[in-house]
Every structure is written in C-alpha cells, then in structure tokens.
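Everything below concerns the one structure shown next.
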C-alpha cells in the first residue's frame with residue numbers, strides 16, 4: 001500500500017508527539033526508541049550532542065523539560081525521510097535555573113524498520129523572540 005503525504009505527515013507528527021511525551025515524562029526507554037543511534041542534536045547555543053550524550057545529560061538531570069510545545073509546524077515528507085520546521089517553546093530546568101527557549105527548529109525523521117526516528121535536531125535562536 002502506498003502512503004499518501006498526509007499519512008506520512010500524521011505518522012511523523014505522532015512520532016514527534018511521542019518524543020515530546022517521553023521527554024516530559026523522563027521515559028528514557030521510549031526516548032531511546034524514538035531517537036536514531038546516529039542522532040545529531042544541535043542546541044540553540046551551538047552545543048552538539050549525540051544520542052548518547054543527549055540522553056546521558058537528561059538522565060543525569062543536567063536539564064529537565066517542564067513544558068514543551070511547537071507552533072507554526074510544517075512537515076515535508078520525502079520518502080523515508082521527513083523534515084519538520086517549527087517554532088519551539090519550552091520551560092527547561094537547567095541546573096538551579098529555569099530557561100524558556102523559543103528557537104526555530106529543523107527536525108529530521110527517518111523511517112527505519114517500519115518506525116520513525118528523529119535523526120537530527122537543529123535549533124536557531126530568534127533575534128526578537
């Protein structure tokens with residue numbers, strides 16, 4: 001059965017919603033399944049994480065997502081790859097302080113073994129949030 005662009009968009013949005021839920025719930029097994037082993041995660045400050053270093057930081061409590069949502073979301077499907085562009089809004093506890101990042105993000109998902117995994121995240125801070 002050939003999937004339509006709408007089918008792929010729904011699947012990718014569902015996978016990303018699962019990633020957000022896993023982050024908010026500190027559900028590391030779910031998060032590990034939703035992130036590709038080859039993940040590159042570029043934070044809005046330019047820091048680069050791999051899947052291992054990203055999850056390690058979360059497990060250690062270096063940061064804790066309190067709330068997270070996205071607006072202005074577009075999903076473009078390209079076969080077994082999908083790109084999300086969005087404006088990201090979150091409350092994150094980093095150490096003993098709380099930050100509210102509001103960057104634009106580019107998220108890349110790849111379909112592997114029948115499921116969508118996030119393989120790249122790139123944050124760009126807004127000049128005038």
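The values are calculated or read from the model by the stated rules, or taken from the named source; none is laboratory data. None of the values given here were measured: they were computed from a predicted structure. Cβ placement follows ideal geometry from the backbone for every residue including glycine, while neighbour counts extend to all protein chains displayed.
Summary table
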quantity	calculated
Residues of region 100-128 satisfying the condition of being farther than 17 Å from residue 35 by Cα, surrounded by 12 or more Cβ atoms within 10 Å (Cβ to Cβ) and free of Cβ contacts under 8 Å to residues at least 60 places away in the same chain	101, 102, 103, 104, 126
Whichever residue in region 78-93 is at pLDDT below 95 and surrounded by 13 or more Cβ atoms within 10 Å (Cβ to Cβ) and, among such residues, is farthest from residue 10 (Cα to Cα)	93
Filter result for residue 42 (surrounded by 12 or more Cβ atoms within 10 Å (Cβ to Cβ), touching a residue at least 60 places away in the same chain (Cβ under 8 Å), within 27 Å of residue 126 (Cα to Cα) and touching a strand residue (DSSP E or B) at 6+ places or on another chain (Cβ under 6 Å))	yes
Identity of the residue in region 45-61, surrounded by 13 or more Cβ atoms within 10 Å (Cβ to Cβ) and in contact (Cβ under 8 Å) with a residue 24 or more places away in the chain, that ends up nearest to residue 96 (Cα to Cα)	58
Some residue of region 88-101 being part of a strand (DSSP E or B), closer than 21 Å to residue 46 by Cβ and in contact with a helix residue (DSSP H, G or I) (Cβ under 8 Å, 6 or more places away or on another chain)	no
